[in-house]
Each structure stands twice: as structure tokens, then as C-alpha cells.
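Structure first, commentary second.
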Amino acid sequence: MPSTISQTVTDRPLAKRLKLSGEVPPRGPKRDSRIFTPFRTIGLVSSTPVPFTSVPLGKTTFQITTSVGRCLQTYDLKRGLNLVFLTRPQTPEDITATAAWKDRVIAAWGGSNDSPQGVSVFKRGKEIARLDVPAELKQPIKQLLIFGAWIVGCGTTRMEVWKSASYEHYTTLYPTATHKGKNELTGGITNMPTYLNKIFAGRSDGSVEIWNVSSGKLIYTILPPAADCGAVTALQPTPALSLLAIAYSAGHLIIHDILTDKTRISLNSGSSRSLVTSISFRTDELGAGEDGRKPGVMATAGPQTGDVTFWDLNGGGRVMGVLRGAHNPSSGATVSGGVSKVEFLSGQPVVVTSGLDNSLKSWVFDETPYSPIPRILHTRSGHAAPVSRLLFLPTDSDGADAGGKWLLSAGKDRSLWSWSLRRDGQSTELSQGNIRKKAKKMGILNSVSLGTEPSATLEDLKAPEITCLAMSLNRDGGMGANAGSGAIWQKANRTSKKATDATLSGVTGWESVITGHKEDKFARTWFWGRKKAGRWAFETGDGEHVSSVGISPCGTFAVVGSDTGGIDTFNLQSGMHRKRFPSKLTPSQAKRLKIEQLQAAESLEIGSKPANRFTMGLGKHTKAITGLVVDSLNKHLISCSTDGRIKFWDFSNGHLVDEIDWHNTVSITGIRYHAPNDLIAVTSDDLSIRVVDIETKRTIRELWGCAGAINDFCFSSDGRWIIAASSDRIVRVWDLPTGHLIDAIRMRTQCTALAFSATGEFLATTCEGEIGVNIWNNKTLFTHVPTRHISEDEIAEMSAPTVSGEGGHGAINGAFEEEEDDPEDSAPAPAIDQLSADMMTLSLMPKSRWQTLLHLDLIKQRNKPTEAPKVPEKAPFFLPSLEKPNPIGAVPDEKKTEERIAERSRIMKMDRCSSEGAFTVALRSGSDSGDYTPFISHLKTLSPSAADLEIRSLDAGLESESDELVNFVEALTGRLQQKRDYELVQAWMTVFLRLHMESVGHDERLVQALREWRECQEAEGARLGDLVGFCGGVVGFLRSPRT
């Protein structure tokens, strides 16, 4: 364990450890998690600075490929930027450059910090080839260019050339040597139409070199227009032949004639703060001029701002419009931003942009009257900053399993996202209103302003960063929910609300999500079904910042806690404030309280004990609220605070009814509630998790082991596990019934948030600094997992989920995987026997076996073939013909055949009589000894069809012989008297009576045996009925809300 962690723990109470028997096993090889296996990573679209690449797919659509680390994602424009391909396998290192060519995508990877590197070729998501990379190449390839018969890769100070037909390495080109650092290829490379085998490379000293890749020679060098232009940042050929657009780091942007080596147009794109790194030209011969009917439109963008500038190159060039806020601008180390690439699609009025804010967008010029600014067409995006909160959808009122397929995530980029685990195209950000329209009214999106002006951010118009959230679907209106007047986040305490808002929402449903925000005194509501912001913004009663939020299981009330300990309840339908905890006393209640206090003072003088230690109107938390939950019956509100107290409030009147006081020992940092078990789990600053039963107010488990502050934790869907993530980079899983630490996973960075799905299928985690959400499979759904306590040396160290979904473990793998015996998990098995002779017990037989026995005739009838198999008319063509056909024998005589069959049947009958099966032997042995236990044990081992055959074969026998029918009934009666295998006895007797009912009236001994069985059955049935009725009454009494 690192020394820094051990030093921070020394000031805290020593963690309690479970006493383990035996020696701790030595550290073994790298271990996988027992319970979880990687599934995939969601939420990544364009999360790296690598620009996208596009290719036309016939004449109908375009495919756009983005890089998300070690995987490529391909989107189809015609399908609304729907994801169509993921590349597998993922590359060994991060991808540094991509290029699309025909039906293939070429990606360069690795090369940083002496890491392995290479160039892979993918087709329809599958890797089909790798390019030969020189052994001396020790720098990453920043750009790939494919033209003609060549593939060119541009590094920092060298260019690699391959043949596109054979993928073999051809040559290496080195820029001319100058001063140190001046030969770096900062502007990348490009080629121009009609210039055979020629590439253009932009250098850090401002010059552009022209190389012949076939001969490997430098042909010409284009010098910068001025000495202070700076480095070349972008190169792009224009639709006009021999003209090349060159952008410089100092802000200069020129259109240069290659044939004459003269500058045709000189523009100023701004200062170095608005660096241009991407240039594109519109090729549909429209867009320029006053009416947009002239050619000559150029788009430029850079990583410093999120704006895209459109230029009209007619008449010397001018700025025709600025698309403000196309992507988020960069705002420090937390939120990424800027535009990584802008590209006009060939022959289309569509421009595609990708940003460092993890988004890919397409824009179209189709507005009437003509506008030089395009409108948004499609968008695919995710969080632009690390994720801070996760929540799977809870189960709604009708018990649908949608909760396990949808995930809510809140990030530091002030956004709230809903992710679909079924289909990526359904994932979307919950709308916060028309931000662009609001920004336009405020002048932020002023299209007349120049690109040199600093761009204002649209993030300031969003709600602050979300710090807590809660959800209940029982009143969610879905897509049909009526949002009332349409105004979002009305300040409920300050503005008058329309009465129709609450009336209409009462019919269609209302908001189902509530969030608290960083350093903000308003908690905001959201419509889940409509994926948009809600109507209300609830202000804390004391005017302090929101620290925690909760929502009642019925979905009607929202609870808001503040930094100073205040708790307020609001109605989600009307937006009105309903209650304060503790509730404010009326004058009559205050007078009654004064009288009670005087009476209590007199009783103390006498020496009697006070009746109630909680006074109405008192009991407020003294510090920040860290958790709020409402129990499943809306009976109690449970709150916890950093003051070390857990308080139980009467939800109907706001009075304090009970509390757990730990203020002298710990400070409580969080609370989670599992409704089916009525258990709460709380975390504290002593690095422990305590589980409390809310009925008895007793601590039933204390879970220790975390060596750092607990960032997040949750119950499993069945309430059996508690999963916690701490700052020591370990996610731990405890088994509540045993209290054992049964699994632990060490991450590369600390896990900051996690959530467990309501269906028990998935665990979602997010780590520090990551904008994606990792999804893990729950292996216990298809494999056995032991609950043995593990030591610190057995913590799993495994790779996180990937975007491509590799390295996972599914149900099919688990079905064919052989279970390995764990000697440390072996324990003495308890004897399976009756606890008491008066207790009726069931068997351990699977329910399907004795139910199949009851319905075996129906199953056989259903499986019976509908028609007999047909003989083929002629032999297949591949069978060889016989040279000499077999002679056809004479037709046998019918009489001789019947005699042989009769003789064979007599012989078989004699053999059957001479040999008895184990069933008959065990039944006869039990009749002689009076103990039918071996017979019952043998009968339980038979399959349904074998048991049916043996029961059918029971023989009544002669009077002097043993009657198998009577013996079988006596065996079942004896088992019923022993009060064992109750359901099997009923099933066997049902089958026996159905098969041998005709023999009952002809055998007095059988009739007498059946009478004894019926008397025993009626006595046991009546006794069981009384016991079940009594237990049902007790359970109903305990579950009644009136008791």
C-alpha cells in the first residue's frame, strides 16, 4: 500500500478487521473479478483530438469515422449519424491519425513515449491488414493521406510513404534541416488535383515544401508572405486548380497560386488566440454572394474557440458569417472544447464538424430567406467533462424492466444525459431549453461580429454542475406529459404559477427527476419521458445552497436539504412548498408545547421519566444534509448530516420521531436505501459503511476495509451486496448475510461514481478524469460465485471495459465454462434432514421434474410427429451405383412369420419374469421389512418418463403373492406419516390413481390401503391449512400500515 495512504489513515480510528482462520495465501498471479466482467464503454463520440474522416458511400450517403482512443466508430449520415461500425480488435495503443479510402479506414496508432506503433487497415469494422512500419520510426504519425497509389503518413519531422495496393513501405522523406525545431511539420500534409505524385508539407518556419513521393525528391519550397507569419497550421486545396489555402499561427490566411508562386487572396483570421487548424471549401457552387447563388465559400475553425467562420472569397474575401458556439469552447482542464475539424461534404450544402467537447455535428444551408449561417441537422455527442453522478432508472409502477436499460449521468459540463444500453441512437441529453435561441437574444450569437472577437460560451446559460439527483417513475407522464405553459424552472417561491399547470399535469403526469446543483440554492426538476427540463426550481427554506435531494416513492413529493441543515418538501405537481422539517408550530401548538414542558419539568422534580424526548418543532440538523430518503410507505423521512446524526421524521406532520446519534464518533457522508429489505446504509468519515434496520433502528452490519474516502456506494438490486468505490482506487463488494468482502477490483484511477441496475444485470462506473461510462456484466446471473472472504492480496487487477466491448464474459461463455474448484472455498456441507418430526418438509427435487410427471401424456402428445417420415423417391446423386445389384429375395410366408413372432414374444416374456428391476426389488424389500425409505430414495432418482413407466408396470399379483399396488400405496402413506417429500407424494399419488383407477374396485386390500392414505392426507392437510392461515394472519398484521 502506498505510504501516502497509510499516513492519512493514521489519524483516523483503526479499521476493524474480520478475524480469518488459517494463514493468508501468498499473492498469486493477476486475478480477475469474481462477480463482474467488462462489457463496454458508452458515451464516447469524438473524445480525442484526432480529426474525423469521411468518405462518400455511392451517391446516397456519407460515412464518417471518429476516433475514441483505441477504437474507431463509423456513423452513417443518411441514418441521422447512426452508429454502424465499431472496429475490432482495438489497437494496442491510442490512435493518432485516421484516413478513409473507398471501403476501408486506415488508422495509425502508438509512438508516444517509446510505445509500440503501427498502422492498421480496417474494413467494415474488422482489421484486415497492417502496414510495414520502419524500425527506426520513434514518433507518432499525426496525419494520414491517401491519393493515387500512395499512402503517406506525416510525423513530427519525417514522412513515411507506402504503396496503397500492397501496403508495403516505399520510402521515408525528411524535411530540409534548418535551425533546431524549425523543420517540424506543424501544418500537416496535403495533395492537390492534377499534381501527380506531389504532396505539400507545412513547416514550423512558415514554409511549404513540395515533394515528389515517387522519386523522393524535394521539388520546391513556398516561402511565407511575411517574416512574422509564424508556423503553418493548416493546408487545404481549393476547388479551383493550382490554388492552395495556407493558415499561419500568427493569424494570416492566404490563398496561394502554386504555378506562379503568388498570393491571390490575403485574409486575417485573427490573433494567435483564434488559431485556424482546419479549412474546408464548399463544392456545390452555391453559398456566396448576397443571395447565396455564387461559388466561393470557405470555412475555418480552430481548437481555441468553438466557432466556425464562413468566408466569401469573391472580391478579395470577407467574413460572411460566424457560427457561434458550434462546439463548446475550451474552459480549462475540466471542460474540453474547441473544433478539431470542419469539412464540407462533397457536392452537398452540408458541413460536418467535430469538437474536443466529445461531439460530432452536421449542419445544413437550407433556410429561407437565405442565411449565411447553417442550422443544425444531426448531432451525436456525450459529456464534455468528467462524469460525476450515475443513476440507473428505478423500476416503475408496472414493474417494467426499463430501469435496467437506461442510465442517467451528470457531468461537470453542466449536462444531464440519458444513455440507452439497448441502442446508442436513443441516447440523448436532457434539454435545458433552447440555449442557442436564448443566446441569440442576448447577443452572444451575433452573426455580424467578426471572427477575431472572443467567443462567449453557451455553458453559462445552463444550470450549474449537478451534485446530487433522485428519481421516481411512478408519476412520470412519458412522452405525453403536459409541461403546462412551457416555461422551465419557474422560481416557485417568487412567481405566481398558472393553475392550469397543475391541472393538466394531474391528468398526464409530471416531473420524475430532481437535481441539486453546485453552489446553488435551487433544486431543479426534469421530465424523464420528454427528456427536458421541468417546470419548477425549488428554493431552500433557509436560502442556503442545496446539499442533497430526495423524492418520495409515489413520485409526488420532492425533498430538498441545505448546507445548514434545513429540509423542505415540495409538491411536484403544483410546485408548492408543503412542509419543513422540523415543522413550524402554530400558536396553539406552541401553547400546548409550553404546557407540556412545564409538566415535564414538574415530573422531573418528582423523579418520573419523561414520556417523549423529542419536542415538536425542534430537532433540526446543525450541519449540511448529506442524504435524504423516504421509506416505501411514505411514512418516514430519513435524513443524515455531517453532524453525525440520522433522524427519522414523520412524513405527514414533520415531527421528529427517532434518531441515531453518532456525533461524538463519526461524521456521516452519505445514505442509500433498499426498500424491499427496509435497510439503509450510511458512510462516514471513519471509512466504514454501517447498515441499519429502519424498523428496529439497530446497526446490523459494519463493513470495513476501505483505505480512502468513500466516493460512492450502492445496494445491489436484491439487497444482498453493498458495492463501494473509495479513493484508494478500489471498488469493493460485501456480502450482507455473511459480512464478507467477496470481491474487489483495483482501477487505474479512482472510481468517482457507480450505480447498479434494477434488473441486476449491469454495474456502471466512471473514473476520475474520464468522460465515458464503463458498463460491467454481473457474472452471478449465469455462473456460481463463492461468498468466501477475500484478503487484500486477492484484489482483482483487470482492464476496464472498452468501447468495442472486447474482453467481456457473457452468458454463452459462462454456459460452456468449466467451473474450477476453489479449495479455499470448500466448507462442510450441512446435513439435509428434518429440523423436527412435527414439521412438514418438501423435497429438494426441482419443480420441473414432478410437474413434468403430472403432464407427461400432454407433453408426449405435443411432441408427437404430425406425419410419418417419407422414403426418398430416389437415391441422391452422390451415392455410387452398384455394379452387381443385390438379388431380390422371395417374399416370406405370412404364417411362418407370425409363428416366429409369437415364439420370440414368449421367450422375451420368460426373460422378463426371470429378471426384476431395481424398482420392483426395492418395493418388495420395503414390504418385507416395513421400511420403504430405500424405495422412495430410488424413486426420487428416476426421470419423469422412467417413473411413469414404473408406476404403469405395477402388478396386482395373486392373493398369495405380494400386491405391488398395495405396497406402493403403503409406501406413500408411510412417507406422508413421516411428514417428508410432501409435494412428491402428492404427484406420485395423482399419477397412480390416474393409471390404476380401474383396479381399485376389484381389490379389497387396495381399497383399504387407499382409505388409510386418505385419512392421513386429510389430517395433514387440515394441519397445514391451520398453520398457513395463522402465518398469513401474522404477516398481514405486520404489513398493515395501521399497526
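Annotations for the structure displayed:
- Checklist (1) surrounded by fewer than 21 Cβ atoms within 10 Å (Cβ to Cβ); (2) in contact (Cβ under 8 Å) with a residue 24 or more places away in the chain; (3) touching a Ser or Thr at 6+ places or on another chain (Cβ under 7 Å) applied to THR176, failing item: (3)
- For the residues TRP101, TRP109, the requirement of being at pLDDT 95 or above and surrounded by 14 or more Cβ atoms within 10 Å (Cβ to Cβ) singles out TRP109.
- Selection of region 347-369 for residues being closer than 20 Å to LEU44 by Cβ, open to solvent by less than 40 Å² (accessible area, probe 1.4 Å) and in contact with a Gly (Cβ under 7 Å, 6 or more places away or on another chain) yields GLY355, ASP357, ASN358.
- Selection within region 472-499: residues that are in contact with a helix residue (DSSP H, G or I) (Cβ under 6 Å, 6 or more places away or on another chain) and modelled with pLDDT of 65 or more. The member of this set that is least open to solvent (accessible area, probe 1.4 Å) is ALA481.
- Any hit, region 945-952, residues being modelled with pLDDT of 85 or more, farther than 17 Å from GLU1012 by Cβ, out of contact with any helix residue (DSSP H, G or I) (no Cβ under 7 Å at 6 or more places or on another chain) and not polar (S, T, N, Q): yes
- Qualifying residue in region 59-80 (condition: open to solvent by 10 Å² or more (accessible area, probe 1.4 Å), among the aliphatic types (A, V, I, L, M) and touching a Cys at 6+ places or on another chain (Cβ under 8 Å)): no
Residues checked against (1) within 22 Å of ASP568 (Cα to Cα); (2) among the aliphatic types (A, V, I, L, M); (3) touching a Leu at 6+ places or on another chain (Cβ under 6 Å):
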{"position": "ARG645", "(1), (2), (3)": "yes, no, no"}
{"position": "GLU659", "(1), (2), (3)": "yes, no, no"}
{"position": "ASN664", "(1), (2), (3)": "no, no, no"}
{"position": "GLY670", "(1), (2), (3)": "yes, no, no"}
{"position": "ILE689", "(1), (2), (3)": "no, yes, yes"}
{"position": "ALA725", "(1), (2), (3)": "no, yes, yes"}
{"position": "ARG729", "(1), (2), (3)": "no, no, no"}
{"position": "VAL733", "(1), (2), (3)": "no, yes, no"}
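- Residue under evaluation THR221, criteria (1) more than 23 Å from GLY302 (Cα to Cα); (2) in a loop (DSSP other than H, G, I, E, B); (3) of a type in the set (Val, Ile, Thr), criterion not met: (2)
- Scanning region 960-992 for residues that are of a type in the set (Gly, Ala, Ser), out of contact with any Asp or Glu (no Cβ under 9 Å at 6 or more places or on another chain) and part of a loop (DSSP other than H, G, I, E, B) yields one hit, SER960.
- Checked against the criterion of being open to solvent by 40 Å² or more (accessible area, probe 1.4 Å) and free of Cβ contacts under 8 Å to residues at least 40 places away in the same chain, the candidates GLU127, GLU93, GLU160 yield just one match: GLU93.
- Test: SER120 is assigned to a strand (DSSP E or B) and of a type in the set (Ser, Thr, Tyr): yes
- Subset tally (residues that are in a loop (DSSP other than H, G, I, E, B), at pLDDT below 90 and open to solvent by 70 Å² or more (accessible area, probe 1.4 Å)) for region 572-590: 1
- Test result for LEU223, open to solvent by 40 Å² or more (accessible area, probe 1.4 Å) and without any contact (Cβ under 8 Å) to a residue 60 or more places away in the chain: yes
- For region 697-712, a residue qualifies if it is over 12 Å from PHE648 (Cβ atoms) and not hydrophobic (A, V, I, L, M, F, W, C), and the qualifying residues are ARG698, THR699, ARG701, GLU702, GLY705, GLY708, ASN711, ASP712.
- Whichever residue in region 500-559 is among the polar types (S, T, N, Q) and modelled with pLDDT of 90 or more and, among such residues, is farthest from the chain's Cα centre (by Cα): THR540
- Residue within region 194-205 that is assigned to a loop (DSSP other than H, G, I, E, B), open to solvent by less than 30 Å² (accessible area, probe 1.4 Å) and more than 21 Å from THR178 (Cβ to Cβ) present: no
- No other residue among ASP728, ASP718 is at pLDDT 90 or above, among the acidic types (Asp, Glu), open to solvent by 30 Å² or more (accessible area, probe 1.4 Å) and out of contact with any strand residue (DSSP E or B) (no Cβ under 7 Å at 6 or more places or on another chain) apart from ASP718.
- Beta carbons closer than 8 Å, at least 6 apart along the sequence or on distinct chains, pair a first residue in region 312-333 that is closer than 23 Å to LEU356 by Cβ with a second that is among the aromatic types (Phe, Trp, Tyr) and at pLDDT 90 or above for GLY321/PHE310; VAL322/PHE310; LEU323/PHE310; LEU323/TRP363; ALA326/TRP363.
- Residue within region 625-643 that is at pLDDT 80 or above and acidic (Asp, Glu) present: yes
- Within the set SER274, SER215, the sole residue that is in contact (Cβ under 8 Å) with a residue 60 or more places away in the chain and among the polar types (S, T, N, Q) turns out to be SER274.
- In region 305-346, residue most open to solvent (accessible area, probe 1.4 Å) [restricted to those that are within 24 Å of THR263 (Cα to Cα) and out of contact with any Phe, Trp or Tyr (no Cβ under 9 Å at 6 or more places or on another chain)]: GLY315
- Some residue of region 203-211 being within 17 Å of ALA108 (Cβ to Cβ) and either under 46 Å from the mean Cα position of the chain (by Cα) or not acidic (Asp, Glu) (or both): no
- Test: residue in region 768-784 that is modelled with pLDDT of 80 or more and more than 20 Å from the chain's Cα centre (by Cα): yes
- Residues in region 272-330 that are in a loop (DSSP other than H, G, I, E, B) and hydrophobic (A, V, I, L, M, F, W, C): LEU275, VAL276, LEU286, LEU313, ALA326.
- In region 838-850, the residues that are in contact (Cβ under 8 Å) with a residue 40 or more places away in the chain form Cβ pairs under 8 Å with partners that are part of a loop (DSSP other than H, G, I, E, B) and small (Gly, Ala, Ser), at six or more places apart or across chains, as follows: ARG849/SER943.
The values are calculated or read from the model by the stated rules, or taken from the named source; none is laboratory data. Not measured: the values here are computed from a predicted model. Note: ideal-geometry Cβ built from the backbone for every residue, glycine included; neighbour counts use all protein chains shown. Accessible surface is based on the protein model in full, side chains and every heavy atom, while ligands, DNA and RNA are left aside. Shrake-Rupley method; radii C 1.70, N 1.55, O 1.52, S 1.80 Å.
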